[in-house]
1. How many percent of all Cα-Cα pairs in the protein assembly as shown sit more than 34 Å apart?
2. Check A:ARG115: other-chain or 5+ apart residues with amide H under 5 Å from its amide H, H built from backbone geometry?
3. Under a 5 Å amide H to amide H cut-off, with H placed in plane at 1.01 Å, what residues pair with A:ALA10 once short-range neighbours are removed?
4. Where does the charge balance sit around B:GLN77 when Lys and Arg score +1, Asp and Glu -1, over other residues with C-beta under 15 Å from its C-beta?
5. May I ask you to list the aspartates and glutamates whose Cα is less than 14 Å away from that of A:LYS34, ignoring any residue fewer than eight positions away on the same chain?
6. Would you kindly work out the equivalent ellipsoid of the range A:1-121 from its C-alpha gyration tensor and give its semi-axes, the square roots of five times the eigenvalues, largest first in whole Å?
7. Taking θ = phi - 60°, what integer Hz values does the Karplus form 6.51 cos²θ - 1.76 cosθ + 1.60 yield along the range A:98-113, in sequence order, with x for Gly and Pro?
8. Rounded to the nearest 500 deg cm²/dmol, what is the calculated helix-only ellipticity per residue at 222 nm for chain A, with -39500 (n - 2.57) per DSSP H run of length n ≥ 4?
Amino acid sequence: MNDRKTLTFAFMDPPFESERTVTFFRLLDAALEKDTHVRVFAYEGAVALAFAKQSPHGNAVHGRNTEEEAHPLTKDWIVALQQKARTKGLNFEWINCGLCVDERGVNDVIEDCGRGGPPDLWRYASQSFNTLTIGTR
Amino acid sequence: MSNYLFIQSQDPFTEVRTEHQFALAGQLFDAGHNVQILLVQNGVIPARQGARSQHLDQLIEWGVPVLADDFSLQQRQISDDDLKDNIAVDSVDSVIDALLDGHKVIWN
């Protein structure tokens, strides 16, 4: 019997814009560390967090090439969390709001990130032990 | 009686709404609820000794437990010794603990 709890996180910030994104990923990692199943509903700009075509770049101003710059990509962070969850035998589910995806043209997402809508957030929240909504303000 | 954890990411020096956020925490505490505040991101700025934040200072004076995220402190080069009295260093682990304990966790 798996008595591990499930937490849902709703997030709406786009990648590369806000410190909230870093805190959000720290929270997801902390939840997995505590052997918790994780469900994420990404909406508005957050649907781009899983965009597969994100690309690292160098920094000419600082004279660093792509490898030296090691620019972090949120899609890679999601993959790392997916792998961590698998290693620990936990579920890590991710659904992007489909309308938000279409608006932004970020349909090409990494594996195991699904497409849905607000009813999925309702389902996630209803079935989870607790839910945290992180607003943009 | 309910348990509340406020994740305070906004600081009072750039966000006027912070005053109302701290006021709500104070009202809930005054009404007998268990209230805890975790300062994260720029929310840790008023935790530094000498920082003038009337509303946060009032909450501390009333005995509301106030925590400051270690990562956010490190990013801003604020050490434990720089913090006001009665502010404890913690991490976002406390958010997960509160969620798993069924507390009401609110992001500000």
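1. Cα-Cα pairs of the protein assembly as shown separated by over 34 Å account for 21 percent.
2. Residues meeting the criterion, in which the H sits 1.01 Å from N, are A:ASN96.
3. A:PHE41, A:LEU132, A:THR133, A:ILE134
4. Around B:GLN77, the charge tally is -3.
5. Correct list for A:LYS34: A:ASP3, B:ASP93, B:ASP97, B:ASP101.
6. Semi-axes, largest first: 26, 19, 12 Å.
7. In residue order, the calculated couplings are x, 4, 5, 5, 4, 4, 9, x, 10, 5, 7, 10, 5, 4, 6, 10 Hz.
8. The helix-only estimate for chain A comes to -11000 deg cm²/dmol at 222 nm.
No value in this document is a laboratory result; all are computed from the given coordinates. Please read all numbers here as calculations on a predicted model, not as lab measurements. Here the Cβ is made from the backbone with ideal geometry for all residues, glycine too, and neighbour counts use every protein chain on show.
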